Each structure stands twice: as structure tokens, then as C-alpha cells.
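Here is the structure we will look at.
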Amino acid sequence: WFTVRFGVGSGGDSRIVVSDVPMMDVPDAGNLEVEPLAIGPATRVLVVDDSEDNLILVEAFLARSEVKLEMAKNGWEGVEKALSGNYDLVLMDIQMPVMDGLTATRVIRLQEEERRSDPTPILALTAHASQDAIDKSLLAGCTGHLAKPINQSTLLAAVSRYARCPVSVGA
């Protein structure tokens, strides 16, 4: 949480509290440097999102790393790719056409259970930051929850923390 305080008037000393806003962050993100990223071996990330802008943004944020990105534009396509590929992390939008992200996550988890395979980390990537939205994501089987708009350091910290082949920061 943070509180924003603004001065009132041009010469007054009075202060008012404008808003208390919840901050979604990745624990232990600390002062993550965004400069050159080294990943070894290459981390494979599936981004499931129907917004071309979000796909471009994630791609730009990870461009200086060796992360290998694959994209899916709806939940059904995401399920097919997640189950046929060997991904280190899935970034899953929640509201999408054809199949929403929560349903897609449940299907992936059921298939992993049936196959007795290790669960792939899935991070919900959504504009909904309420505790209810977080709880729904986690109950559906998501490993974590990231709120949009996301910044580069938060995304890099999340990839580093949750991917099976973690991102390491350094030269």
C-alpha cells in the first residue's frame, strides 16, 4: 500500500491524503536491475493474451534477455500450446475470447495432473487487482497474480522468481 500526499493551495503548508492504493508486487523483487539479462539455458515463456498491445509490451520488456517467447491469442490456443510445448512459465490473461484464462488454467492443471507431470508455473496477468480477483486466480491454479499495467522490473522479477529456468541479472 502507499499513500499519496499533495499540498493544497499555492503557499499553504496543509497536506491532505488523497488515496490509499493497493500495490501488486512480486515479493523480494528488491532493486532488480533491468540491464543485461542472462538466462541459461534459454527460458521458454508462453504469453496468452488477446491484446496485441500487451503481447508487444511483454516482448519489448523481455527483448534484452534470452527468453524465448511464444504467443497465444485466446485461452483455447493457450491450452493447446501449454500442453504440447515445454514451457518454463505461462503468462495468462484472464479475460479473453473463446476461453477465459481461469478456465484455461483449470484445464491445464487437470491435464498436468492426469499426465502426472510437474505443473508449469502460470501467472495471471490481469487488470483486476482486487483481493477477490487474486483469490480466483489462485483457486483456478495460477501460481501467482500480476496486475496490469505491469512495469518491466516487476515482469523481470516475476520471470526470475517463477520460471523453471530463472532469469539471472548480471553482465
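At-a-glance table
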{"quantity": "Extension gain (nm, one decimal) between residue 56 and residue 116, 0.36 nm per residue minus Cα-Cα", "calculated": "18.2 nm"}
{"quantity": "Residue 128 long-range amide H proximity, modeled H, under 5 Å", "calculated": "148"}
{"quantity": "Highest-first arrangement of 126-136, 49-59, where packing means the average Cβ count within 10 Å", "calculated": "49-59, 126-136"}
{"quantity": "20 °C / 1.002 mPa s Stokes-Einstein diffusion coefficient of the range 37-148, Kirkwood radius on C-alpha pairs, µm²/s", "calculated": "153 µm²/s"}
{"quantity": "Accessible area per residue, Å², the range 90-143 with all protein chains present, probe 1.4 Å", "calculated": "53 Å²"}
{"quantity": "Residue 42 versus residue 63: modelled label distance in nm, points set 7 Å from Cα along the beta carbon direction", "calculated": "1.8 nm"}
{"quantity": "Sulfur and carbon atoms: percent of accessible area, the range 109-160 [1.4 Å]", "calculated": "50 percent"}
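The values are calculated or read from the model by the stated rules, or taken from the named source; none is laboratory data. Everything numeric here is computed off the predicted structure, so don't read it as measured data. Note that we place each Cβ from the backbone using ideal geometry, even for glycine, and neighbour counts take in every protein chain shown. Remember, those area values only see protein heavy atoms, side chains included, never the ligands or the DNA or RNA. Shrake-Rupley method; radii C 1.70, N 1.55, O 1.52, S 1.80 Å.
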